[in-house]
Amino acid sequence: MDFRKDKPIYYVCSYPKSGATWFRFLMYTCTYGVLKQSADVNFFYLTTRLQDDKIQEKLKTGKKFFVKSHFPYHEGLPFSEHISVCIYIVRNPLNTLMSRIDHYILEGMEVFATPEGRDQIIQIFINYADEKGMDPNSPSEYAGGWNHNVVSWLDINKEIPVYLIRYEDLIEDTVGVISDLNSKLELGFTSENIEKSCVLSSFENMKKLEQYEIQNEIRGAFYSPVRKKVFNEKNIQFINKGSRRNYQDEISPELIEKIKTKLEKGMELAGYL
């Protein structure tokens, strides 16, 4: 594919709860092999809003590197002049929604574990679907709505080349998807790197690492006092159901159709309709 080879940033973007954390682990283990602690990923693969100062430092080296973001595409996108390509990760929004509910519970918001709380989150997800967000100071609204986020990258954006990865395809054929990405973007991974990475970054191994870091209170991608409490009391983890998630077990057919109607454009662009 055509991408801006002279630019240093591989910009990895997604709506929250679409598989970006897993992809970060895959890229780290493709590059370095065994991951001893999740904190290493945070320094290898920086996040906009949270690590902008470190991104500025890396830009001075002239080397290529990964940056994570949940921003929709918009004028004034941080570091846009340095972006080689946007690797956009998308997940079926109905499963994204279920994972988001789990995440709220993981962060100690037990109200969302009730049927009323779940209905509230689902309604907000629907009502907020086309909101633009883009407030860099807002922890909850910077990504905008699911539909707007997806459409902004897959339909509106023309300036930055976009390489689309569907979470479901990554689950189904991890080696194949990463191999194609490696080839198209000239990342320089060997076949052995990729195959080993897919084992090292499997859900089973990531769950084990998360459990170890929670139990030993090691700060990184997983541990916090609240998450340890929820894990001990309810056995809920950040690395949760993964490929086993099925929204049809948890949302009524009528509500599924309502969500699909509201998110029609984004779901069509991503191949879900």
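Among the residues of the stretch 28-38, is there at least one that is buried (at least 19 other Cβ atoms within 10 Å of the Cβ) and out of contact with any helix residue (DSSP H, G or I) (no Cβ under 7 Å at 6 or more places or on another chain)?
Going residue by residue through the stretch 28-38, those that are buried (at least 19 other Cβ atoms within 10 Å of the Cβ) are 28-30, 35, 38.
Now drop any that are not out of contact with any helix residue (DSSP H, G or I) (no Cβ under 7 Å at 6 or more places or on another chain), which leaves none.
The answer is no; no qualifying residue exists.
No other residue among 43, 66 is among the hydrophobic types (A, V, I, L, M, F, W, C), touching a strand residue (DSSP E or B) at 6+ places or on another chain (Cβ under 6 Å) and either closer than 30 Å to residue 119 by Cα or open to solvent by 10 Å² or more (accessible area, probe 1.4 Å) (or both) apart from 66.
Tell me, please, whether a residue that is among the hydrophobic types (A, V, I, L, M, F, W, C), over 28 Å from residue 125 (Cβ atoms) and either in a loop (DSSP other than H, G, I, E, B) or open to solvent by less than 60 Å² (accessible area, probe 1.4 Å) (or both) can be found in the stretch 4-17. Checked the stretch 4-17: at least one residue is among the hydrophobic types (A, V, I, L, M, F, W, C), over 28 Å from residue 125 (Cβ atoms) and either in a loop (DSSP other than H, G, I, E, B) or open to solvent by less than 60 Å² (accessible area, probe 1.4 Å) (or both).
Put simply, of 171, 178 the only residue that is open to solvent by less than 20 Å² (accessible area, probe 1.4 Å) and either at pLDDT below 95 or within 19 Å of residue 86 (Cα to Cα) (or both) is 178.
So which residues in the stretch 165-186 are of a type outside the set (Ser, Thr, Tyr) and touching a helix residue (DSSP H, G or I) at 6+ places or on another chain (Cβ under 7 Å)? First the steps, then the outcome.
Of all residues in the stretch 165-186, those of a type outside the set (Ser, Thr, Tyr) come to 165-166, 168-173, 175-178, 180-182, 184-186.
Hits for the stretch 165-186 are 165, 169, 170, 171, 175, 177, 178, 182.
All of 170, 154, 185 fail the test of being farther than 20 Å from residue 41 by Cα, in contact with a Gly (Cβ under 9 Å, 6 or more places away or on another chain) and among the aliphatic types (A, V, I, L, M), apart from 154.
Among the numbered conditions (1) closer than 28 Å to residue 94 by Cα; (2) buried (at least 16 other Cβ atoms within 10 Å of the Cβ), the only one that residue 50 does not meet is (2). Note on the stretch 34-86: residues that are closer than 16 Å to residue 12 by Cα, among the polar types (S, T, N, Q) and either part of a helix (DSSP H, G or I) or under 17 Å from the mean Cα position of the chain (by Cα) (or both) amount to 6. Residue 222 passes every criterion in (1) part of a helix (DSSP H, G or I); (2) modelled with pLDDT under 85; (3) closer than 30 Å to residue 34 by Cα apart from (1). When we screen 192, 210, 217, 204 for residues that are over 20 Å from the mean Cα position of the chain (by Cα), of a type outside the set (Ser, Thr, Tyr) and part of a helix (DSSP H, G or I), the only hit is 192. Just one of (1) at pLDDT 75 or above; (2) more than 21 Å from the chain's Cα centre (by Cα); (3) of a type in the set (A, V, I, L, M) fails for residue 263. It is (2).
Residues in the stretch 210-219 that are open to solvent by less than 30 Å² (accessible area, probe 1.4 Å) and of a type outside the set (Val, Ile, Thr): 210, 213.
The values are calculated or read from the model by the stated rules, or taken from the named source; none is laboratory data. What you are looking at is a predicted structure, and each value in this text was computed from that prediction instead of being measured. Please note: Cβ atoms are built from the backbone with ideal geometry, for glycine as well, and neighbour counts cover all protein chains shown. Just the protein is used for accessible areas: all its heavy atoms, side chains included, with ligands, DNA and RNA removed. Shrake-Rupley method; radii C 1.70, N 1.55, O 1.52, S 1.80 Å.
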